[in-house]
1. When the Debye formula is applied to the Cα atoms of region 33-184, each taken as the same point scatterer, what base-10 log of I(q)/I(0) results at q = 0.13 Å⁻¹?
2. For region 54-122 and region 534-558, what is the separation of their Cα centres, given in Å?
3. Taking H as built 1.01 Å from N, whose amide H comes closer than 5 Å to the amide H of W223, not counting residues under 5 places away?
4. State in Å² the accessible area per residue of the chain; use a 1.4 Å probe, count heavy atoms of protein chains only, and round to the nearest integer.
5. Could you name the aspartates and glutamates whose alpha carbon sits less than 20 Å from that of K293, not counting residues in the same chain fewer than 8 places away?
6. How much of the accessible area of the chain, in percent, comes from carbon and sulfur atoms when a 1.4 Å probe is used?
7. Apply 1/(1 + (r/R0)^6) to the Cβ-Cβ distance of L94 and T552, taking R0 = 35 Å, and write down the FRET efficiency to the nearest 0.05.
8. Please report the spacing between the Cα centers of region 345-369 and region 471-527 in Å, no decimals.
Amino acid sequence: MNSPYRRLVLSLVAAILCSCGGGGQPSPGSGFSIAASPATLAVIPGASGTSTVTVSPRDGFTGSVNVTISNVPAGVTVAPNPIQFSISSSPVSLPITVSAGFDAQLHNTTLALTGTSGNVSASANLNLQVQALSVTTWHYDNARTGVNPNETILNLANVNPNAFGKLFDIPADGAVIGHVLYLPNVAIPGKGSHNVVYAATMHDSVYAFDADSNTGANASPLWQVSLLPPGATPVPMTVQGCSGVTGWTEVGVVSTPVIAAASGTIYVVAKTYENGNSVFRLHALDVTTGSEKFGGAVQITATYTLNGQTDTFNPLAEINRPALLLTNGHVYLAFGSNGCNAYGDQGWVISYNASTLAQEGAFNTEPGNILASIWMKGGGLSADSASNIYGEAAEGNFTPGTNFGSSVFRLTQSGNSLQVADWFTPWNEDFLSKGDLDLNDAVLLLPDQPGSHPHLALAAGKEGTIYLLDRDNMGKYCASCTAGDTQIVQELQQVAKHTGSLVYWNGMVYSTGTSYPIMGWALSNGILSTTPVVQTPPQVGAHSPIITSAGTANGILWQLNGSNLTAYDATTLVRLYVSSQTNGRDTLPPIPHFAQLMVVNGKLYIGTNSGITVFGLL
């Protein structure tokens, strides 16, 4: 074959080959790159996360690219996998969903992304962290459901006196009143990566502890900071008053803090005593070091003006007992009585910008008057997906639309102000207020329901009546009602006196009245059963419960009954465990007035008068 003819044949063969294979071979020197964003993805068992895979052409590349994802661990799925990209002249991005089953092991791994097009290839990595749930707020979420649905270690089979019990105590410099918070895999400077539990004390200290052990290097806090300015102390009970009711010995940090995981910030409200004055400050601390952020703490002051009447926030009279709420870039603080309605307390909600700590609104429940405290047994203000804010006000004066004694309210953030958007007051508010039967629990926001009232909230108080409210039309006040509130969705009268905050799991609402049974009320088509479908014998109660589960399986209701920790099958309410039946092994130290529970990653944490007690598998 002569040379010109040979060159022609080879050219024809090359042209044919380049016309095959979904766009053909790339031009010499051309290619593509792959990237995943975010490049690190954290997923908890029972949940999923998304990342975006982008294929970017280089040097005129066009054609099809097949991206496969390998090194996927057991219990984890990636979809779609493989992914087909059609590339012309611009980068193409497609999402992937990484899901971890409840059987996925907690660990870090690197997923390998490999793209091929003919003989051209490229690769990238996606760092996957299968980690425990982050507990950043009171009762796990802003709806205040009280449920950790991603608990894969504690289950119905192993929560019993033989396998479950007290592991260790973590000492602190004062009582831990709010419930602790938790972040997994936190890099602490100079101390490596830890699962971290955060606690704040009545001695105005904030701690970060290793969540899993208290031995060796973890015998000391990962960090500890004092929120006391030079010369200041926590507020003495001789100044604050009401120690006979609360049992407190000093007042410092009372409420459960809140964490903004994305910015690595924990927000804490501290009360201090300085030069004969009570002072509140909002602190924003770095979760890795405890250092102050955003220029340092801000002193909490506020005024509220309505119809020409201006009320001024009085730190002496107020306690920040409700847990902090973080939503829509704002931190919301609520305040109320010291416990004995001394000093002319009022209910307050104050809004702060989470990035700057600038105050952006204040609301007073009792303008021109006193009482209507917001305390809710330490429960937090609630927020729905639109960042509407819900709370309960205790006994006080009631004037429709302005003064909210024994009422449920909904607030909205409007610019730099807080506005009342809706409210509900029971028909017998005067009787409730005069009898100290105030509304004193967190408002539980239910998931959307079928029927004519899809957006529901539940409220309760000392009288034990459960109020089912339409969040879009809460009902305000029925002046003509004489035996019940006919304008709301539903009312179960006096079924759970002095209940802890209501919790919701798997189509069931649970009440925990003092000296009443724990009761489960079925929720169907937006209506509660009129009688409980499951219940225990009468219990001591007095504290708010929580529930753990793996989705809809292995539901466990945890409750402090007096000084005993108890656990129940959440479906049947059959008791699984009680700390008093372990021959003293699981005896709790003295616990605070309305102590708080938190369970995550196989361990249960209880704030005590001297620190934290940790339970788990023995």
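1. Debye output, listed in q order: -0.73.
2. Centre-to-centre (Cα) distance: 42 Å.
3. Sorted by chain and number, the residues that satisfy this are A208.
4. Ligands and nucleic acids excluded, the figure is 37 Å² per residue.
5. Reachable aspartates and glutamates: D204, E360.
6. Values: 11760 of 22760 Å².
Here carbon and sulfur together make up 52 percent of the probe-accessible area.
7. The computed FRET efficiency comes out at 0.65.
8. For region 345-369 versus region 471-527, the Cα centre distance is 28 Å.
The values are calculated or read from the model by the stated rules, or taken from the named source; none is laboratory data. Because the structure is predicted, anything quoted here is derived from the model rather than measured. Please note: Cβ atoms are built from the backbone with ideal geometry, for glycine as well, and neighbour counts cover all protein chains shown. Protein only, heavy atoms only, side chains kept; ligands, DNA and RNA dropped before computing areas. Shrake-Rupley method; radii C 1.70, N 1.55, O 1.52, S 1.80 Å.
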